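What follows is a set of notes on a single structure, which appears directly below.
The values are calculated or read from the model by the stated rules, or taken from the named source; none is laboratory data. Nothing here was measured: the structure is a model prediction, and the numbers come from that model. Here Cβ is always computed from backbone atoms with ideal geometry, including for glycine, and neighbour counts include all displayed protein chains.
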């Protein structure tokens, strides 16, 4: 293996490791919450179930974007109207409100499995080169998981909120400049 190929493989491993670390931290923080937090407002108006459903909905959008790129289509995610972000979030949270918590957790785990399957289909170069659309998508999921586990951790610590580091939304993080 030449140095360039090794560097790309190393970057792929780092990216996948970060994806795993952030999801594991999100799950640990979810598991730290009390049962009553599943159904009652926990952060703002959202219960823990709402947060998990929200994260799984956005990950499904990223999986769809991966498939679109693989099939040489422009991802719908790139044309998402940021002015409708709050409405989209409310709508998707509301759709999952009748599901039990184990179902939304199952969706969260299933979505990650589908994302990893899509990533597996991509070469190291296509996943990690400078300007890679797929790397942006993966980073958007990493940042989204981090944002929500930070929010949960802050709430568990009795703080009003967490500091956010990403550009602001999965759409902004995933869309090339």
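Tabulated data for the structure shown
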{"item": "Breaking point among (1) part of a helix (DSSP H, G or I); (2) within 28 Å of residue 98 (Cβ to Cβ), for residue 5", "result": "(2)"}
{"item": "Residue 93 over 24 Å from residue 18 (Cβ atoms), within 16 Å of the chain's Cα centre (by Cα) and modelled with pLDDT under 95", "result": "yes"}
{"item": "Filtered residues of segment 22-49 (kept if assigned to a helix (DSSP H, G or I) and farther than 16 Å from residue 111 by Cα)", "result": "25, 28, 29, 30, 31, 32, 35, 36, 37, 38, 48"}
{"item": "Odd one out for residue 106, checked against (1) surrounded by fewer than 17 Cβ atoms within 10 Å (Cβ to Cβ); (2) under 30 Å from residue 2 (Cα atoms)", "result": "(2)"}
{"item": "Residues (out of contact with any helix residue (DSSP H, G or I) (no Cβ under 9 Å at 6 or more places or on another chain) and either over 27 Å from residue 25 (Cβ atoms) or modelled with pLDDT of 95 or more (or both)) located in segment 63-89", "result": "71, 72, 79, 83, 84, 87"}
{"item": "Spans of helices (runs of 4 or more DSSP H) in segment 65-177 with at least 3 residues closer than 27 Å to residue 40 by Cα, in contact (Cβ under 8 Å) with a residue 12 or more places away in the chain and touching a strand residue (DSSP E or B) at 6+ places or on another chain (Cβ under 9 Å)", "result": "133-156"}
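Per-residue answers, yes or no, for (1) under 15 Å from the mean Cα position of the chain (by Cα); (2) surrounded by fewer than 14 Cβ atoms within 10 Å (Cβ to Cβ):
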{"residue": "83", "(1), (2)": "no, yes"}
{"residue": "97", "(1), (2)": "no, yes"}
{"residue": "128", "(1), (2)": "no, no"}
{"residue": "131", "(1), (2)": "no, yes"}
{"residue": "146", "(1), (2)": "yes, no"}
{"residue": "153", "(1), (2)": "no, no"}
{"residue": "159", "(1), (2)": "no, yes"}
